[in-house]
Amino acid sequence: MVQAPFTVSSIAGAAMQRPTFSSIRIRSPTDAHIIFYAVVSRMLPMVAHRLDIRERRFIQSGSVFVWEERSQLSEPSGSEIERWTDGRRWGPSRVRDEFLYYEEKLPEVNEDEELSSLMLSTRLIKKTYSVYVRTRTGSRKWHLVAYYTEQTLDQLLTIDDFPELAALRHHIPEGLFTTARLTRCRTRAEHGVDDGYTRSGGPPMLTLSSPDSSPSPTAITPPSSAHVLPRLKPEPWPLPSQTSSDTDIANNNQAQQTTSRRVRVPAQKLAPLVYLRSIPFPPRHPLDKDALRSFDGGVV
């Protein structure tokens, strides 16, 4: 049993959020549970709020995000999100092996078969998985969102490529995670209702042991194991920094050199112009609007 999750905001203030993990594919619910438990164990961060425009640039093949759904039935921890938004258009969901799959909607270019084939092969696919986590403050609903493309799926790393993560497989307490879809199927079956994967209003009732004292929402109980869980080295996101300082550039180069032996990333291709033209412009920041209006006042 654990307390409220560890979050980036609890230690970094308003720092830019990065993916929970990068350059990895989630093959099964077991892989998802390992990522969840790594978040519980403070090895990986959780997304604490909706991604802004800058943070959405980290969405690419191999990016994995873990976030907590806001619920009216549980004590707030300060890191809940009402719903996941990534600024992209998605088709209807498909269910397979307790995962939901969404394909990115792209503009139609039927007149150019070669361009259409290229766009389909590089189209993002979103894979989601949800669980209820047993905590001392009640049951909380966590979500995992993984992105990949058909072209790069076989080139992404797996849990087995990271010994620190693979070692967690045998340390996850039984009953800590309950698949949200399975729980909802049972609830609807008891009421004689066919299952359709819809957004639930709150977590199910779980049997929780009574703690001796009320824990802090941002604290976390270390795993009940004699083994000390190591921290991931190098950091799981060898992504480019948004600053131009020499220190950040040096750190990025070192991280890329460390992971280049294992990550087989294909040559980056520019997105087709017809696709870029179809993407709506992001809304202008209110401060930018005020600045533009100040110039209008000086025109005679």
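Name the residue, out of SER10, SER41, SER74, SER116, that is more than 26 Å from PRO283 (Cα to Cα), among the polar types (S, T, N, Q) and at pLDDT 90 or above.
The unique qualifying residue is SER41.
So which of GLU68, GLU114, GLU55, GLU98 is without any contact (Cβ under 8 Å) to a residue 24 or more places away in the chain and among the charged types (D, E, K, R)?
Just one listed residue meets the conditions, GLU114.
Sort through ILE125, ILE159, ILE172 and tell me the only one that's over 16 Å from ASP31 (Cα atoms) and at pLDDT 95 or above. First the steps, then the outcome.
Working: ILE159 fails: over 16 Å from ASP31 (Cα atoms); ILE172 fails: over 16 Å from ASP31 (Cα atoms).
Just a single option satisfies the conditions, and that option is ILE125.
Select from the range 49-64 the residues that are crowded, with 20+ Cβ neighbours inside 10 Å, aliphatic (A, V, I, L, M) and assigned to a loop (DSSP other than H, G, I, E, B) and list them in ascending order.
In the first step, residues of the range 49-64 are kept if they are crowded, with 20+ Cβ neighbours inside 10 Å; the result is 51, 61-64.
Narrowing the set further to residues that are aliphatic (A, V, I, L, M) leaves 51, 64.
Matches in the range 49-64: LEU51 only.
If I go through the range 82-96 residue by residue, how many of them are of a type in the set (Ser, Thr, Tyr) and in contact with a Phe, Trp or Tyr (Cβ under 7 Å, 6 or more places away or on another chain)? Let's see the steps before the verdict.
First, pick out the residues of the range 82-96 that are of a type in the set (Ser, Thr, Tyr): 85, 93.
Restricting the remaining residues to those that are in contact with a Phe, Trp or Tyr (Cβ under 7 Å, 6 or more places away or on another chain) gives 93.
So the answer is 1.
Could you tell me how many of the residues in the range 136-174 are among the charged types (D, E, K, R) and in a loop (DSSP other than H, G, I, E, B)?
Qualifying residue count for the region: 3.
The values are calculated or read from the model by the stated rules, or taken from the named source; none is laboratory data. Not measured: the values here are computed from a predicted model. Methodologically, a virtual Cβ is constructed for each residue, glycine included, from the backbone with ideal geometry; neighbour enumeration extends over all protein chains shown.
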